[in-house]
Amino acid sequence: MTNGSIHNKPELAQYDTNGQLRHLVGIGGLTAAQITRILDTADGFNTAPGTAPTKVPLLRGHTICNLFFENSTRTRTTFELAAQRLSADVVNFDVGTSSRTKGEHDLDTLYTLQAMGATLFCVRHPDDGAADYFARHVAPGVSVINAGDGTNAHPTQALLDVYTIRAHHPDFHNLRVALVGDVRHSRVARSTIAALQALGATDIRVVGPNAFLPHDVDQLGVSTTTDFAAGVDGADIIMGLRIQRERIQGSILEDENDYHRHYGLTANNLAHAKPDAHIMHPGPINRAVEIDADIAYGPNSLILEQVRNGIAVRMAIMALIAGGRTPNDTT
Ligand code: CP
């Protein structure tokens, strides 16, 4: 679909010459100050659990389209809630019942929705580079937010991850993070590592069997280990990652029970971690594979806080992209 590699292209400008966020396709290239501005903006939209959500007229008259070519629960729904709370009109495009099933090209789908007045697309796609590709093809004044593309990037997840971490561990320079599981096929891991590093984190460990270590792990600036106990030792944050079965051809693990025994976030395995280590997971979780339910919903878990924070962080990104524009300003 994307007509070629995301590589060998000049980097897409995510900010315009006035410093205004135009697209968000990846974390790469964002500075600590730019990330911090997004997180601080999210703070202004967040409300305490159990209190009424913030609703503001910032994007009244704007049309936001959730264009998801791949399934989602958290990301699509929180983008929808975020847009509603900014008072935008929201279109949740249903790929499964669309004319794509008749052979329409993804770009023609985008142009069609753009002709209806959508000026901000939240795009999820199974192909690496899809969001970048769409961002290069939209009309001037139309923006693209990457809601996850292949194994490449999931920048809004990374931003909600660091937002959640910041609330509990504001000093990123002294933070110890262990990412456990299928890092090789995880777009979340790549983006979250980049966001952590941009904010100053240096102690990031990738923990899992060799089959789940990324091929380019030497270039990621992280340490690696196949030893769970060593990987989580002293970690402040332990983030489990789902086995991305939909991106794995054939069988990569000989025995999932064996994987659960060695690498699962279980009470038994976490006895090697600090008692107050926080547990995170981008979701969806595979219960009894990479994490047990009592850990996912236990006292140290931040998983549902991550979900909740997704609304404020996505509100912040949309507000920073479109908040200063008039709805019909496509220049
Ligand atoms: N974390 C995440 O992307 O979850 P969904 O696939 O449910 O959106």
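Taken together, the values in this text are just the output of simple stated rules run on the coordinates, not laboratory data. Please read these numbers as outputs of a predicted model, since none were measured by experiment. Cβ: placed from backbone, ideal geometry, glycine included. Neighbour counts: every protein chain shown.
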### Query
Taking Cα atoms, how many degrees apart are the long axis of helix 74-85 and the longest axis of the chain, rounded to 10 and kept between 0 and 90?
40 degrees
### Message
Looking at the chain as a GNM with Cα springs under 10 Å, which of ARG187, ARG245, ARG287 has the largest mean-square fluctuation?
### Response
ARG245
### Query
Applying the Karplus parametrisation 6.51 cos²θ - 1.76 cosθ + 1.60 with θ = phi - 60° to the phi angles of region 135-143, what ³J(HN,Hα) value in whole Hz is obtained for each residue in order, glycine and proline being reported as x?
4, 6, 10, 6, 5, x, x, 9, 10
### Query
Out of residues 5 or more away from VAL144 or on other chains, whose amide H comes under 5 Å of its own, with H placed 1.01 Å from N in the peptide plane?
LEU24, PHE121
### Message
Assuming 0.36 nm per residue, please report the length gained on full extension of the stretch SER87 to ASN257 beyond their Cα-Cα distance.
### Response
56.5 nm
### Query
Under a GNM of the chain (C-alpha, springs under 10 Å), which listed residue has the highest mean-square fluctuation: GLN197, GLN219, GLN244?
GLN219
### Degrees, to the nearest 10: 155-168 long Cα axis against longest axis of the chain
60 degrees
#### Entry: Sites ALA271 and THR77, calculated FRET efficiency, Cβ-Cβ separation with R0 35 Å, nearest 0.05
0.50
#### Entry: Rg and Dmax [Cα atoms of region 155-300; Å; Rg one decimal, Dmax integer]
13.9, 42
### Full-stretch length increase - LYS55, ASN210 - with 0.36 nm per residue and alpha-carbon distance subtracted
51.2 nm
### Candidates PHE79, PHE93, PHE68: whichever shows maximal mean-square fluctuation once the chain is modelled as a Gaussian network with Cα springs under 10 Å
PHE93
### Task
Using only the Cα atoms of the chain, construct the convex hull and provide its projected area averaged over every direction, in square nanometres to one decimal.
16.6 nm²
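Work out the length of the dipole vector of the chain about its Cα centre, built from +1 on the beta-carbon of each Lys and Arg and -1 on the beta-carbon of each Asp and Glu, and round it to the nearest 20 debye.
Details: 27 positive and 35 negative charges, 177 e Å.
Computed about the Cα centre, the dipole is about 860 debye.
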### Task
Compute the long axis of helix 32-45 from its Cα atoms, compare it with the longest principal axis of the Cα atoms of the chain, and write down the angle in degrees, 0 to 90, nearest 10.
80 degrees
### Query
What does the highest-first list of 162-174, 46-58 look like by mean Cβ count within 10 Å?
162-174, 46-58
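Return the loop-located GluC sites (Glu not before Pro) in region 188-285 (DSSP other than H, G, I, E, B) with at most 16 other Cβ atoms within 10 Å of their own Cβ; answer none if there are none. Please list the in-between numbers first.
On the way: sites: GLU246, GLU254, GLU256; in loops: GLU254.
Filter output for region 188-285: GLU254.
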#### Entry: Ascending count of other beta-carbon atoms within 10 Å, so fewest first, for THR202, THR17, THR63
THR17, THR202, THR63
#### Entry: Residue-span extension gain [ASP203 to ASN174] - 0.36 nm each, minus C-alpha spacing
9.7 nm
### Student exercise, region 155-300 dipole from Lys, Arg, Asp, Glu Cβ charges, in Debye to nearest 20
360 debye
### Task
Assuming R0 = 35 Å, can you tell me the calculated FRET efficiency for the pair THR31 and SER98, based on Cβ-Cβ distance, to the nearest 0.05?
0.40
### Summary
Residues whose built amide H sits under 5 Å from the amide H of VAL206, excluding neighbours closer than 5 in sequence, are LEU179, SER223, THR224, THR225
